[in-house]
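The values are calculated or read from the model by the stated rules, or taken from the named source; none is laboratory data. Just so it is clear, the model here is predicted, and its values are computed rather than measured. Here the Cβ positions follow ideal geometry from the backbone for every residue, glycine too, while neighbour counts run over all protein chains shown.
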Amino acid sequence: MSCRSGFDFYYYQKLIQLRHEMPIITDGVYELLDKENESVYAYLRKGEKETLLVVGNFTDKTINYHIEEKVQAKKSRLLISNYNAAETFERDLSLEPYGACVYLLEAEK
């Protein structure tokens, strides 16, 4: 097994763990962002008090991606990523090739 395969195993293991621990992943209201963008898939999963921001780069190139102004957060933290993403939500993200990241956003009050 290569190092990458080992990383992939633990990454998907963590995804499954999050799905079981966080009802918002399956029960949150889905909202697609930037639907015309064929290179980046970005969406929100909205709950009552928190929101998940999911962003994925579907290309083999690094992409600098700007998150819409309507996405707001009082506090945030990175839940999971398959690359070295910022630990807290930043409006301008540098997405590595085939990179994906998920942020937990606490709603503005």
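List, please: which pairs have Cβ atoms under 7 Å, are six or more places apart or on different chains, and start with a residue in region 20-32 that is farther than 12 Å from Thr51 by Cβ and end with one that is aromatic (Phe, Trp, Tyr) and surrounded by 10 or more Cβ atoms within 10 Å (Cβ to Cβ)?
Leu32/Tyr43
One line per residue, one yes/no per condition, for (1) out of contact with any Lys or Arg (no Cβ under 9 Å at 6 or more places or on another chain); (2) loosely packed, with under 14 Cβ neighbours inside 10 Å; (3) at pLDDT below 95:
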| residue | (1), (2), (3) |
| --- | --- |
| Tyr65 | yes, no, no |
| Lys70 | yes, yes, yes |
| Glu87 | no, yes, yes |
| Ala107 | no, no, yes |
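Touching a Lys or Arg at 6+ places or on another chain (Cβ under 6 Å), at pLDDT below 95 and either surrounded by 11 or more Cβ atoms within 10 Å (Cβ to Cβ) or part of a loop (DSSP other than H, G, I, E, B) (or both) - does that describe any residue in region 11-25?
yes
Can you give me the number of residues within region 77-106 that are under 13 Å from Gly56 (Cβ atoms) and touching an Asp or Glu at 6+ places or on another chain (Cβ under 6 Å)?
2
Being crowded, with 16+ Cβ neighbours inside 10 Å and touching a residue at least 24 places away in the same chain (Cβ under 8 Å) is the filter; apply it to region 35-46 and report the residue that is farthest from Ala73 (Cα to Cα).
Ranking the qualifying residues of region 35-46, first place goes to Val40.
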